[in-house]
């Protein structure tokens, strides 16, 4: 028991219970309203599922997707009688997905609090850092790996420019992350250990961006390494 409030019942459990109670009450109200209403609710909920599935994939389902008439679904969403209950079901499902996970969110917030960067990077880097934090706390874990890469890239470029550290291009005229890491090490800004950490973050981020967003299972480790690299990059600003 971590709280004496509400007899030690956690907020996450209370939220989940409230969502379940609302969903059950909705079903009961429909069933009691008139004969055949239960079938109408099942139809409404099926439409809501179509909308949710399509929104998840960002793809409009075609004839191959079980004969779904997507244009008809869109029309029904705007129907004066059906539109509101469709959105209500979507709201319930989204609440189940995201609102009842506050205990895990709080725990992930605690993870981040232990690894905070002590200096303040520029605004561009901070924007990516805030997005990374929000995604991690909310549980959008594959996205965190991609954002870790973005944070690293922007921070490295910021420090290189700010300190006027030259990075030699490769034979194709590109200034690679490997070359940037070497230049930062040579300038005494980045240690060999943090340079390897940066390489790990970059490699995992590239795989997530270009191959499979779920390929990296060590999400928190990737976020932690990113923050450790930033702490060293901006150590002179503390």
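The values are calculated or read from the model by the stated rules, or taken from the named source; none is laboratory data. Model, not experiment: these values are computed from the prediction. All Cβ positions, even for glycine, are placed from backbone atoms using ideal geometry, and neighbour counts span all protein chains on display.
Miscellaneous remarks
- Subset of the stretch 158-183 (residues that are farther than 19 Å from residue 194 by Cβ and more than 31 Å from the chain's Cα centre (by Cα)): 164, 166, 168, 169, 170, 171, 172, 173
- Flag for residue 112 being out of contact with any strand residue (DSSP E or B) (no Cβ under 9 Å at 6 or more places or on another chain), within 23 Å of residue 21 (Cβ to Cβ) and in contact (Cβ under 8 Å) with a residue 12 or more places away in the chain: no
- Flag for residue 205 being part of a loop (DSSP other than H, G, I, E, B) and either modelled with pLDDT of 95 or more or under 21 Å from residue 117 (Cβ atoms) (or both): no
- Residue 60, sole failed condition from (1) within 28 Å of residue 104 (Cα to Cα); (2) under 25 Å from the mean Cα position of the chain (by Cα): (1)
- When 222, 226, 216 are screened for being touching a residue at least 24 places away in the same chain (Cβ under 8 Å) and either assigned to a loop (DSSP other than H, G, I, E, B) or surrounded by fewer than 14 Cβ atoms within 10 Å (Cβ to Cβ) (or both), only 216 passes.
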